[in-house]
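The structure under discussion appears below in the form of structure tokens.
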Amino acid sequence: MKVSVFMPTYNQDGFLLKALDGLRAQTLQDFELVVCNDASADETKGILDAMGQVGVATQVRTHEKNRGSAEAINTCMQGAQGKYWTWVSSDNVMTPNWLEALVAELDGNAALGAVFSAFTMIRPGGSRRGIFKRGGYRPGDLISSENCFFGPSFLIRGEVWKAVGGHRGRTSHDYDHWTRVEEECWRRELGIRFLPVSLCDYYTGPWQATVARKSEYDAGRWRAEAIKRRAGEDS
């Protein structure tokens, strides 16, 4: 199987159908979708029960109590079969060529460990703004205050992700995971490539964890840990 796509979801029934439709419309269908319903109290269960097949294989896993998206991603990744791994939010919509474009980059270059793309930010009210990384990827970007993200559209080799392990923390677990992926790629002498084309509609609003739970925002902690790790490797 080419790709494992993980989707944690919690109380996002207003977005979930559109996100699933975006995956169902992928031009590359050689992927498994694993969804973790993190104890949603809205109509999420009914939507997932009725969603049918997405990709070549679909699984739904459930948390009886809300454990946060990091733990939901970790639940999804158990037993993953894909050569490449990624996770997507249930309030974002991927373009039809999302997987095909990212897979082509990794299939075409065995010296790459990960690839990520530009995306389009959609603000409340529907205004759109394309997000691009200036100058593409630069080693060390992920501990920069200006470049601390792959973003919502990325693909990582499964063996790199397995070596790095799961997600940690609450609101900025993705940032922590990306810094560790970057370091694992360095250890394996694998590159990371930025694809300057928008492959995702990224919806923003007050429901997002980084907005609703600012007191739990832990990116500073992960950045400090990454700096210490890298200083140790450099000494």
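The values are calculated or read from the model by the stated rules, or taken from the named source; none is laboratory data. Computed from a prediction, not measured in an experiment: that's the story for all the values here. Note that we place each Cβ from the backbone using ideal geometry, even for glycine, and neighbour counts take in every protein chain shown. Ligands, DNA and RNA are excluded from the accessible area calculation, which covers all protein heavy atoms including side chains. Shrake-Rupley method; radii C 1.70, N 1.55, O 1.52, S 1.80 Å.
Listing for the model above:
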{"item": "Cross-link partners of LYS83 among aspartates and glutamates (Cα-Cα below 15 Å; sequence separation of 8 or more within a chain)", "result": "ASP30, GLU32, GLU100, GLU105, ASP107, GLU159"}
{"item": "Ellipticity estimate at 222 nm from DSSP helix runs (n ≥ 4, -39,500 (n - 2.57)) divided over the chain, nearest 500", "result": "-10000 deg cm²/dmol"}
{"item": "Residue among ASP218, ASP201, ASP176 with the largest mean-square fluctuation in a Gaussian network model of the chain, springs linking Cα atoms under 10 Å", "result": "ASP218"}
{"item": "J(HN,Hα) series, the stretch 37-50, from Karplus relation 6.51 cos²θ - 1.76 cosθ + 1.60, nearest Hz, glycine and proline x", "result": "7, 8, 6, 5, 10, 9, 8, 4, 4, x, 5, 5, 4, 9"}
{"item": "Local net charge near GLU32, Cβ-Cβ under 15 Å (Lys/Arg +1, Asp/Glu -1)", "result": "+3"}
{"item": "Surface share of carbon and sulfur [accessible, 1.4 angstrom probe, percent] for the chain", "result": "51 percent"}
{"item": "The chain shape via C-alpha gyration tensor axes, a/c threshold 1.5", "result": "rounded"}
{"item": "Choice from GLU182, GLU64, GLU225 with maximal GNM fluctuation in the chain (Cα, 10 Å cutoff)", "result": "GLU64"}
{"item": "Highest-MSF residue in the chain out of ILE131, ILE156, ILE192 [GNM, Cα springs under 10 Å]", "result": "ILE131"}
{"item": "Neighbour cut-off at most 10 other Cβ (10 Å), DSSP loop, trypsin sites (Lys or Arg not before Pro), the stretch 33-76", "result": "LYS65"}
{"item": "The stretch 35-91-the stretch 110-132 distance, computed between alpha-carbon centres (Å)", "result": "22 Å"}
{"item": "Entries in LYS18/LYS162; LYS65/LYS133; LYS2/LYS45; LYS45/LYS133; LYS18/LYS228 that, when Cα-Cα distance is taken, lie over 32 Å", "result": "LYS65/LYS133; LYS45/LYS133; LYS18/LYS228"}
